[in-house]
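What follows is a single structure, written as C-alpha cells, with notes after it.
No lab work stands behind these numbers, since they all come straight from the coordinates. Nothing here was measured: the structure is a model prediction, and the numbers come from that model. Please note: Cβ atoms are built from the backbone with ideal geometry, for glycine as well, and neighbour counts cover all protein chains shown.
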Amino acid sequence: MRPDDPFDDAVTARAVIAADGTLARWSEGARLLLGHRSEEVVGRPAAELLADSAGPLPLPADRWSGTLVLRHRDGGTVSVWVLAHHRQPSGDGPGEWLAVTPLEATDYDLPDDPLVRKAVFQSPCATMVFDHELRLRGVNDAMARLLGLPADHLRGLRPTDIGGRPQHSELERQLRQVLRSGRPHDMQTHMKARAESYAHAWLARLAPLTDRAGRVRGVCVTAHDFTEQFRARERLQLVNEASMRIGTTLDVTRTAQELADVCVPSLADFVSVELLDPEEGAGEPAGRLSPPVSLRRVAQQSLTAGTPESVAQVGEVVVYPENSPQADSLVAGHSIVASVPAGDLDPWLAVDETRARRFEEYGVHAMLSVPLQARGTTLGVAAFTRFNHPEAFTHDDVLLAEEVTARAAVCIDNARRYSRERETTLTLQRSLLPRTLPRTAALEAATRYLPAARSGVGGDWFDVIPLSGMRVAMVVGDVVGHGIQASATMGRLRTAVRTLADIDLAPDELLTHLDDLVLHLSEEAGGDSGPGEVGATCLYAVYDPVSRRCTLSRAGHPPPVVIPPGGTAQHLELPSGPPLGLGGLPFESAEFELADDSVLAFYTDGLVTSRGRDVDQGEALLREALSGAAGPLDETCDRVLNSVLAPGGATDDVALLLARLRGLPSSQVTTWDIPADPALVAPIRKQVLDQLAAWSLTDASFTAELVVSELVTNAIRYGAPPIRLRLIHDAATLICEVSDTSHTAPHLRRAKTWDEGGRGLLLVAQLTQRWGTRHTAEGKTIWAELALADME
C-alpha cells in the first residue's frame with residue numbers, strides 16, 4: 001500500500017460508488033468485511049449489497065451516516081455503521097461517493113487517571129489524534145460535535161474518509177508532513193462545520209506525538225475557532241484597502257464606484273451608491289429631506305457579473321418611498337439595518353413588485369443603508385445587500401460600513417466641490433476667450449482650447465484682432481498657474497492686448513507695455529518674491545495682406561510653426577524675449593514674407609510637453625502632424641491634438657491657433673502720391689471717383705469723396721510731405737488711408753459755434769464705420785473704413 005493512497009488499507013472498509021450507482025472501487029478492508037472480492041462486485045449496482053432493499057442505493061447529496069445491513073458472501077448479513085460522502089470530481093463529471101466503515105476501534109493510550117481522561121474528552125478545545133498511518137485513533141466530545149458524527153464510529157478512518165472537501169485532503173497532506181519532519185505545523189482554513197450555521201475561520205494546530213525514544217508515533221490535531229480575530233483582521237484590511245483605493249481622483253462618479261468596488265465581496269454581495277442632485281441653481285444638495293426621496297444612482301457593483309439583481313442602471317433617478325432603508329436612513333441621519341426574513345422590508349416590497357421579485361429570485365435576506373455625510377452635508381446613501389453571505393449584518397459590519405463610507409463621503413464631497421469650482425473656472429475661462437473668430441479677408445482661422453486633465457483650468461488664451469488696413473493681429477499667451485486667479489489674470493491681459501492693438505502698436509512695443517502691466521499685477525498680488533510673482537508668456541504677430549509680410553515678437557513663448565503651401569512644417573526663428581513680468585529687458589521683432597495659403601500655427605507649451613517628454617520631442621511630433629496641412633483647418637486642429645497629446649489628456653492647458661494666410665490682390669489696392677498743394681485736392685477727388693467706378697463701387701462714391709477730401713486736406717494743411725493716399729477694398733469694406741511724415745495726430749472734438757475748424761473729423765467719424773490713427777517709424781497714417789453693405 002502506498003502511503004499516499006490508503007484505499008487498500010485493510011483496517012478500514014472502503015467502496016467508491018459512481019454517479020450511476022455502480023461500484024467503482026472495492027478495498028481489501030471491504031473484502032475482509034463482506035467476503036466479496038473486487039472483481040466480483042466492481043461494475044455491479046451497489047444496491048445489491050443491501051440485505052433489505054430491492055431498489056437502487058439512495059446516494060447522499062453531500063454526506064450521510066448510519067447503520068446498514070449488508071449481504072455477506074457466505075449468504076449471511078452484517079450490520080455495520082457506514083459513512084458516505086460526496087467527493088468533488090477531478091474534471092467536469094458528476095463526481096462520486098465514498099462509503100467507509102472502520103473494521104477495528106483501538107483507543108489511543110491515555111493516562112490511567114480518570115480525571116485526566118475526562119479532561120481530554122470533555123475539553124472545549126476540539127481534538128483528534130492520528131497514528132503514524134494517519135488513522136484516526138480518537139476524538140474528544142468537542143470534535144465529535146463539530147464533525148456531527150459519533151466518536152466511537154470514527155476510529156480507524158483517515159481525513160479523506162471523513163469528508164471529501166479540499167480541506168480534508170490538505171489536512172492529510174499536512175499530517176504526513178508533520179510525521180516526516182517531527183515539527184509542529186499550523187493550518188488555517190475557512191469552512192462550515194456540520195454543527196455550524198455558517199462558515200467559520202479555523203486554526204488547526206498539528207503537533208507530533210512521540211514515544212519515550214523520541215520516535216514520532218502520531219499527530220495530535222486541535223482546532224481553534226478564530227473567526228472573530230479573522231474578521232477583525234479582514235475589517236482592518238478592508239479599511240486599509242479603502243484608504244488606498246477610494247479617492248484616487250477628483251471625479252465624483254469614479255470615487256463612488258471605488259466605494260462599491262472595495263466593499264464587494266468583503267462586506268456585501270451587492271452595493272449601490274446614490275447621490276442627491278443639487279438644487280436648481282445651487283451647488284449643494286437639498287438640506288431638509290422627507291420621503292419620497294429622489295436619488296441618482298452613480299455607481300454599483302455586484303458579486304454577479306452584469307449586476308442582474310439591480311433594478312436600476314447607473315445614471316437613473318430612483319425614487320425611494322417611506323419605509324425603504326434608503327429613505328429612512330437619509331431622514332434619520334444614521335444607518336438602517338433591515339432583514340427580509342424578519343419582515344422589515346415588507347411595506348416597501350409591497351409597493352415595489354419589481355424589486356420584490358428580484359429579491360425573491362436572488363434570495364436577498366439583509367440590507368444595510370448608510371447615509372453619505374461630509375462637513376455637515378448629506379450627499380446621498382450607500383446601500384449594502386446580502387444574498388450570497390448567509391449571515392445578517394452584525395454591529396461590527398455596521399461600524400465597518402460607516403467607517404468606509406465616511407471616508408468615501410469626504411472624497412465625494414471633495415470631488416463634488418472640485419467639480420463645481422472647475423466648472424466655475426471653465427465658465428469664466430470660456431467667457432474670457434473669444435466665442436467666435438472675426439471674419440476677415442486676410443486669413444482663415446481655427447482654434448482649440450483644452451483645460452488640463454488633472455490640475456484644472458489655467459490661463460492659456462488666444463485671439464484674432466482685426467487691425468486697420470485689413471491687417472490682422474494674432475496672439476497666443478499663457479499665464480503661470482491654474483485656477484480662477486490664473487483665468488482672471490488671463491482676462492486682464494487679453495483685454496490689455498486688444499486695447500494696445502487698437503492703437504496699432506508694433507509687436508515689440510506692445511509686449512513692452514504688456515510687461516509693465518504684468519509687473520503692476522504682480523505688485524497688486526502682494527507677493528514677497530518681487531518681479532515674476534505673476535508671470536506669463538505671449539506671442540504676438542501682425543499680418544499685412546497687402547504686403548504679405550508678417551511681423552512677430554515673443555515673450556518667453558514657443559515660436560510658431562509655418563507650413564508653406566505643399567511644404568514641410570518648420571519653426572520660425574524669432575528672437576527669444578524674456579517672459580512677461582521680469583521687467584527691464586527689451587523685446588525684438590522679426591519680419592517674414594509669407595506666400596498665399598501658408599498656415600501659421602500658434603500654440604502653448606502644454607501641447608508639446610504632454611506625456612512627460614521634453615520640448616524637442618513634442619515639437620517634432622507637432623511638425624509631423626502639421627506637415628501637409630492642406631485640408632480644412634478644423635480637421636487639422638483635431639489631427640494635431642490626437643497625434644500630439646496623450647490619451648488621458650494634457651497635463652497642462654493647451655491653446656492652439658491655426659491661421660491660413662490670404663494676400664490681397666494688387667488690383668484691390670491703389671496708391672497716389674499727393675503734392676502738398678490744396679488746389680490739387682479736386683483732381684485727387686476725380687481720380688478717386690474714377691477708381692471707384694473701375695471697382696464698380698459707384699454707390700460709395702459720394703461718401704468716399706467726402707472722406708478723401710477731408711483727410712487729404714488735413715494732411716496738406718497740418719501734416720508734412722511726402723503725403724500718400726491709398727484705397728483698399730474687398731467685398732465688404734472700402735478703406736481710405738492718408739499718410740504723412742508728421743507724428744502729430746488729430747483728435748476728434750466738438751467744434752463750437754464760431755470755430756472755423758474742427759468739424760472735418762466729426763464728419764468722417766459719422767460717415768464711416770470706424771476711423772483712427774496708426775503711427776509708423778516714418779510718421780502717421782489716418783485711416784477710415786466704409787462698410788459697403790451700408791452703401792447699397
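Close amide H pairs (under 5 Å, H built 1.01 Å from N) link residue 201 with 226, 227, residues at least 5 positions away or on another chain. Ranked by the mean number of other Cβ atoms within 10 Å of their residues, highest first, the peptides 776-786, 128-138 come out as 128-138, 776-786.
The trypsin sites (Lys or Arg not before Pro) of region 575-634 that meet both conditions, a loop assignment by DSSP and at most 15 other Cβ atoms within 10 Å of the site Cβ, are 613. In the set (1) 26; (2) 20; (3) 59, the label that goes with percent of Cα pairs over 44 Å apart computed for this structure is (3).
Only Cα pairs under 8 Å and 6+ residues apart enter the sum, and on that basis the relative contact order of region 231-422 stands at 26 percent. Applied to region 429-444, the Karplus parametrisation 6.51 cos²θ - 1.76 cosθ + 1.60 on θ = phi - 60° returns per-residue 3J(HN,Hα) values of 4, 5, 5, 8, 7, x, 6, 9, 8, x, 7, 9, 6, 7, 7, 10 Hz, with x for Gly and Pro. Here the 3J(HN,Hα) profile of region 342-356, calculated from phi with Karplus coefficients 6.51, -1.76 and 1.60 at θ = phi - 60°, is 6, x, 5, 9, 4, x, 5, 5, 5, 9, 10, 5, 4, 5, 4 Hz, Gly and Pro shown as x.
Taking the average, over residues, of other Cβ atoms within 10 Å as the packing measure, peptides 291-301, 262-272 rank 262-272, 291-301 from highest down.
An oblate overall shape is assigned to region 231-422, the ratio a/c of its alpha-carbon gyration tensor axes (a ≥ b ≥ c) being 1.5 or greater and a/b not exceeding b/c.
Considering only DSSP beta bridges where both residues belong to the chain, give the percentage that are antiparallel (nearest 5).
100 percent
Full extension of the segment from residue 217 to residue 576, taken as 0.36 nm per residue of separation minus the current Cα-Cα distance, would add 120.3 nm. In a reduced charge model with +1 at each Lys and Arg Cβ and -1 at each Asp and Glu Cβ, region 114-225 shows a dipole moment near 300 debye about its Cα centre.
Relative protection proxy for 163-175, 349-361, from highest mean packing down: 163-175, 349-361 (other beta-carbon atoms within 10 angstrom). Spread over its residues, the convex hull of the C-alpha atoms of region 666-791 is 107 Å³ per residue.
Here the 3J(HN,Hα) profile of region 568-579, calculated from phi with Karplus coefficients 6.51, -1.76 and 1.60 at θ = phi - 60°, is 9, 5, 8, 7, 7, 7, 10, x, 8, x, x, x Hz, Gly and Pro shown as x.
About its Cα centre, the dipole of the chain is roughly 1220 debye, where the only charges are +1 on Lys and Arg Cβ and -1 on Asp and Glu Cβ.
If contacts are Cα pairs under 8 angstrom and at least 6 residues apart, what is the relative contact order of the chain in percent? Intermediate values should be presented prior to the final figure.
Working: 1618 pairs, mean separation 48.3, N = 792.
Value for the chain: 6 percent.
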